[in-house]
Ligand SMILES: Cc1ncc(COP(=O)(O)O)c(C=O)c1O
């Protein structure tokens, strides 16, 4: 509710003042500045034009969707923490570029510290990584490095995987791509995975620690056992789910033992979060559950040799050889130092443990779990599966017999509770499931439609359960009115 505006304003002003002082100190030749310019009519005219345009601009940006509000639960849009805004703005005023050390010495070091926080979080003792503009780019780079490091082979991922994987395989001209079916919880089907692995030609398996569609977590412990047997590079796409590990980390950095009264997750998800430390590479995005603004993805590798296969240099940059030049070992070129700064300040203020990020994320998990429970009070709405993380998909049972009737009733709700309705009291999205998966998920329903349409609620706002009349109750009321 903008209740922290006062402190934000105070600290933003501090950043502006500090930056102003810095500039004044660096520009020591005062003859460059002519005070008379400020009084000139043309200068005044230009400033007037700036004020007017900025006023119009501020009006225009408010016509967008209020992503910060709990009634927006359609996509993975998280309100950035104050630390992210401060860190980003304070650094962006000078605009460093983290592609090379010389372009951003301080923010390159911050980036390495952020990456080392994340490596510690997932349980890597050594390795290497860097920030990226987002999860898609992080995944792309990981597969690029693996393709050039290992002997050629297939890339395998589940039907629940982010759409970037197919695109990435096409960009990298991967010959064999296997998309594995999911089980009823939308996790990779392990039997089918093993059938593919038995052929002995798999180079990389991309497992999900939190699918984009419904937040399902693949069983990493089982996949690790398969890696032991068949040998492949295990990449975990934890772009969305990686920060959930903070819920099981104690204040001393220790992994908390599983206890269903204190750990907000299912034991199965807990085990997968622990197993992250055994992955070969991981995508984990600060700009999803890391409370920072776009674009901040991150890729980390356990084996540093994966860095060398993608080494690129250039005759006009990377001159400092005794310092890290992140761009030499990454796909992207220019990247904002401001993004690294936003992550750094956020990690510094909000610890990566159950008292910091974990406390915030626990509320999101609790919201999704409560929502799923509350669905059982309804005779018409059914949860797709008990949420592993903080996304819950659900559908209307229609006449209970045919998929067509279920989809029609579900879509009626969607039209009211989505961006299609400018006055929607809540904004949800859809999660569309293919026919063959639908057949397995709904064994007693006649599959007489092309797709199975479900509603998707992403409970990334951690204050849904707060207040006397909380927003989750309001969402349930809205759904009850539409059934
Ligand atoms: C599991 C997963 N992987 C990858 C991505 C892609 O990340 P980005 O949109 O930052 O490129 C997403 C985005 O939602 C995701 O959920």
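The values are calculated or read from the model by the stated rules, or taken from the named source; none is laboratory data. In this text, all values refer to a predicted model and were calculated from it rather than measured experimentally. Don't worry about glycine lacking a Cβ; one is built from the backbone with ideal geometry, like all the others, and counts go over all protein chains shown.
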task: Return a yes/no flag: does region 243-259 have any residue that is away from the ligand (no atom under 16 Å from the Cβ), in a helix (DSSP H, G or I) and free of Cβ contacts under 8 Å to residues at least 40 places away in the same chain.
output: no
query: Would it be correct to say that residue 87 is on the phi > 0 side of the Ramachandran plot, surrounded by 13 or more Cβ atoms within 10 Å (Cβ to Cβ), at pLDDT 95 or above and away from the ligand (no atom under 16 Å from the Cβ)?
result: no
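Let's see how each residue does on (1) surrounded by 16 or more Cβ atoms within 10 Å (Cβ to Cβ); (2) touching a residue at least 40 places away in the same chain (Cβ under 8 Å); (3) not in a loop (DSSP other than H, G, I, E, B):
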site: 382; (1), (2), (3): yes, no, yes
site: 385; (1), (2), (3): yes, yes, no
site: 392; (1), (2), (3): yes, yes, yes
site: 399; (1), (2), (3): no, no, no
site: 404; (1), (2), (3): yes, yes, yes
site: 407; (1), (2), (3): yes, yes, yes
site: 436; (1), (2), (3): no, yes, yes
query: Given the residues 222, 218, which is the only one that is within 18 Å of residue 160 (Cβ to Cβ), without any contact (Cβ under 8 Å) to a residue 40 or more places away in the chain and either within 16 Å of the ligand (Cβ to nearest atom) or over 22 Å from the mean Cα position of the chain (by Cα) (or both)?
result: 222
statement: Quick count over region 132-144, residues being in a strand (DSSP E or B) and more than 18 Å from residue 311 (Cβ to Cβ), is 0
query: How many of the residues making up region 145-161 are buried (at least 22 other Cβ atoms within 10 Å of the Cβ) and either without any contact (Cβ under 8 Å) to a residue 40 or more places away in the chain or not in a helix (DSSP H, G or I) (or both)?
result: 6
query: Just to be sure, is residue 205 farther than 23 Å from residue 134 by Cβ, within 16 Å of the ligand (Cβ to nearest atom) and either more than 25 Å from the chain's Cα centre (by Cα) or buried (at least 24 other Cβ atoms within 10 Å of the Cβ) (or both)?
result: no
message: Just to be sure I understand the filter: pairs with C-beta atoms under 6 Å, separated by 6 or more residues or on different chains, first member in region 119-141 and closer than 19 Å to residue 206 by Cβ and touching a residue at least 40 places away in the same chain (Cβ under 8 Å), second member in a helix (DSSP H, G or I) and within 8 Å of the ligand (Cβ to nearest atom). Which pairs pass?
response: 132/138; 136/164; 139/164
- prompt: Mind checking whether some residue in region 264-275 is within 22 Å of the chain's Cα centre (by Cα), within 16 Å of the ligand (Cβ to nearest atom) and assigned to a loop (DSSP other than H, G, I, E, B)?
  reply: no
- prompt: Across region 36-83, what is the number of residues that are within 30 Å of residue 421 (Cα to Cα), away from the ligand (no atom under 16 Å from the Cβ) and surrounded by 13 or more Cβ atoms within 10 Å (Cβ to Cβ)?
  reply: 7
task: Test residue 353 against the stated conditions and say whether it is surrounded by fewer than 24 Cβ atoms within 10 Å (Cβ to Cβ), part of a loop (DSSP other than H, G, I, E, B) and touching a residue at least 40 places away in the same chain (Cβ under 8 Å).
output: yes
